[in-house]
Amino acid sequence: MDINELNPDVLSVKPSALRAFDHEISADPEIVKLTLGEPDFNVPEHIKQAAIDSINADQSHYPYYWGIQELRDAASTYYREKFGYQYSADQIVCTVGATEGLAASFKTLFQPGDGILIPMPAYPVYKAIAGINHLVPIMVDTTDTGCVLTPEQVKEAIATHPEVTIKGVVITDPSNPTGVVYSEEQLAALVPVFRDNHIWIISDEIYGELTYGVKHYSLSKWLPEQTIIINGLSKSHAMTGWRIGFVFGPTGVIDQIAKAHQFQVTTPTSIVQYASVEALTHGQNDAEAMRKIYQQRCEYLTQELDKLGMKYVKPRGAFYIFVKIPEECHQDSFTFAHQLAKNYHVGLMPGAPFGDPQALRISYASSNENLHAAVDALKKELTRVGAIAE
Ligand SMILES: Cc1ncc(COP(=O)(O)O)c(C=O)c1O
């Protein structure tokens, strides 16, 4: 069989470089990893118990493809109370993690050849899903504006790409990989340019509960008719492996997204859906205990990085710091990250897959002990190359 006869959109998408790097360094039994975006907490006990109860109650049949009514009712209330979302249960689809929500939304909103704006640095999955759907990703560098997309950058992207109709934009708020959180003013400023140019907003708010000293605002507040929200329980309830997400969108469009979702996955696992009802009805405070710990770790890391003279955009959410590799190192992100793994058994994510080959992403969803090891490794490496004095 000739592989090249397969769908070129799939052939041209590369497997996740992040997963590959993580897999590679995991071969070292001593490796301390601050790589993947994975909470280091367990699923709260009451949610686990609800899953066990669901199994024992034989809730093993096909749920309705949008997700069970109880879960969509619970999501409607929970996210209204948390962030002011205004969506009824029939405007919510339960998906297999946020990732499947992104895939179903891209598939539904855009046609092959449509342009989609991706503010960089960005979570690499957006570009991959755009590629699989034969879209044209237009990467907009936001490093000069504090990793926040501005209306001027959107206008410039439109002006410099007359050959493509820009139909969508992805806003990740709080951001992976920078931890940047948009202010109310920054979001409001973007609304006219999105509205006037009929640009669909895919608002990825999966880290919405993890902010430090600032409030999370949803773009749906201003432009609900053009906004699709992606959210889920992976980060807020440490349920990454359980695979449950939500898409919120206006009536009419959400019905079409539900179909794109149905014919890919049918619906998430029944037991997970019932357990997620428990998460949303009795787990309103679950994220708070984790958030406090992430905040302490973030404060520790930023203090230590400051002592090392390393540059980063101040993180105010999620659990990442995107830090510049000092020029004295003369190394790109993969070389530097390999070096740290080989010499000090510490794994940090290379920045290149996120769009900056001179940066590293540190995930502080990891123990204090691991964070100390990472700081120690950075200190040794920067001393070795002469970037800091001994
Ligand atoms: C910004 C962002 N969106 C979506 C996801 C995927 O979430 P899920 O595991 O629920 O598919 C991640 C995971 O790291 C993420 O960082």
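Where a number appears in this text, it was derived from the coordinates with a stated rule and is not lab data. None of these values were measured; they are calculated from a predicted model. Every residue, glycine among them, receives a Cβ derived from its backbone with ideal geometry; neighbour counts consider all protein chains shown.
Can you tell me which residue is surrounded by the most Cβ atoms within 10 Å (Cβ to Cβ) among those in the range 61-70 that are closer than 13 Å to residue 267 by Cβ and in contact (Cβ under 8 Å) with a residue 40 or more places away in the chain?
Taking the range 61-70 and keeping what is closer than 13 Å to residue 267 by Cβ, we get 61-69.
Checking which are in contact (Cβ under 8 Å) with a residue 40 or more places away in the chain leaves us with 61-68.
On the way: 61: 6, 62: 8, 63: 21, 64: 15, 65: 15, 66: 23, 67: 25, 68: 19.
It comes out as 67.
Under 6 Å between Cβ atoms, at least 6 apart or on separate chains: pull out the pairs that start in the range 131-148 with a residue that is closer than 13 Å to residue 165 by Cα and end on any residue that is aromatic (Phe, Trp, Tyr). Within 6 Å, the pairs are 135/110. Of all the residues in the range 233-262, those that are at positive phi and either touching a strand residue (DSSP E or B) at 6+ places or on another chain (Cβ under 8 Å) or within 13 Å of the ligand (Cβ to nearest atom) (or both) number 2. Restricting the range 71-103 to residues that are within 12 Å of the ligand (Cβ to nearest atom) and either without any contact (Cβ under 8 Å) to a residue 24 or more places away in the chain or in a helix (DSSP H, G or I) (or both) leaves a set whose member that is surrounded by the fewest Cβ atoms within 10 Å (Cβ to Cβ) is 99.
Among the residues of the range 11-20, write down those that are part of a helix (DSSP H, G or I) and either in contact with a strand residue (DSSP E or B) (Cβ under 6 Å, 6 or more places away or on another chain) or within 15 Å of residue 125 (Cβ to Cβ) (or both). Quick ask: steps written out before the conclusion?
As a first pass, look at the range 11-20 and keep what is part of a helix (DSSP H, G or I): 11, 17-20.
Selection gives 17, 18, 19, 20.
Would you pick out the residues in the range 21-40 that are farther than 13 Å from residue 338 by Cβ, in a loop (DSSP other than H, G, I, E, B) and more than 19 Å from the chain's Cα centre (by Cα)?
Let us first name the residues in the range 21-40 that are farther than 13 Å from residue 338 by Cβ, namely 23, 26, 29-30, 32-34, 36-40.
Subsequent filtering for residues that are in a loop (DSSP other than H, G, I, E, B) retains 26, 29-30, 36-40.
Across the range 21-40, the qualifying residues are 26, 29, 30.
Of everything in the range 277-294, what is polar (S, T, N, Q) and in contact with a Ser or Thr (Cβ under 9 Å, 6 or more places away or on another chain)? Give them in sequence order.
Quick first cut of the range 277-294, residues polar (S, T, N, Q) only: 281, 284-285.
Result: 281, single match.
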